[in-house]
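One structure below.
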Amino acid sequence: MVQKLVRTKRVLERKGAIVDMYTDYVQLPDGREAKWDFIAHRKGAAAVVAVLPDGKLVMVRQYRNALDRVTLEIPAGARDSVTEDTAVCAKRELEEETGYCCGKLEKLLELKSTVAFCNEFIDVYLATELKPGKQKLDEDEFIDIVSYELSELCDMIYKGEIQDAKTVAGVLAYANLRNKKG
């Protein structure tokens with residue numbers, strides 16, 4: 001039976017702007033000690049499946065350094081503080097990245113992005129009753145706004161063209177919700 005292991009020590013290796021990297025020392029069931037990498041995401045994040053009145057989903061295209069390519073994602077971003085409600089963060093990020101404000105916001109799901117080595121959590125919301133506005137991008141953000149039919153996005157996911165975890169989870173959760181509602 002799998003059991004919870006005991007962390008005996010955590011050593012800060014690098015402090016970053018968004019995440020900190022640690023080496024954790026863990027006591028194994030047989031008495032040996034293992035070293036595991038751990039990345040602490042400081043604030044958590046929120047993401048938004050934003051649905052236009054015509055049913056299309058608002059998506060963002062942006063360059064992602066970790067992959068060295070442009071990706072297609074749902075709007076998202078980190079909370080301003082560890083106490084900021086993720087719904088507040090979701091509304092803000094939707095407006096900043098896309099210019100859209102939403103009249104209705106409901107939580108779709110909560111996810112942990114990479115449980116093997118990181119504690120990042122992302123709450124994913126469904127935004128409807130959208131009203132267009134103006135983007136308010138950070139000085140280091142360069143984002144194109146595009147919209148797609150839900151079926152197109154699902155096809156892109158299953159073809160491996162969309163691989164971002166929050167986007168895959170959010171789009172498929174919304175597709176499931178739509179299927180349940182008929």
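Read-outs: derived from the displayed coordinates by stated rules, not from any lab. All values reported here derive from a predicted model rather than from experimental measurement. Every residue, glycine as well, gets a Cβ built from its backbone with ideal geometry; the counts of neighbours run over all protein chains shown.
For this structure, a couple of remarks:
- Cα centre as origin, Lys/Arg/Asp/Glu Cβ charges: the range 45-181 dipole, Debye: 540
- Answer label for mean projected area of the Cα convex hull in nm² (calculated), chosen among (i) 9.1; (ii) 13.1; (iii) 10.3: (ii)
- Taking every alpha-carbon pair under 8 Å whose residues sit at least 6 apart, the chain reaches a relative contact order of 21 percent.
- Computed magnitude of the charge dipole of the range 9-87 (debye, nearest 20; Cβ of K, R +1, Cβ of D, E -1): 180
- For the pair N119 and L177 in one chain, pulling the backbone fully straight at 0.36 nm per residue adds 18.2 nm over the alpha carbon distance.
- The H on the amide N of R42, modeled in the peptide plane, is under 5 Å from the matching H of D20, each at least 5 residues off or on a different chain.
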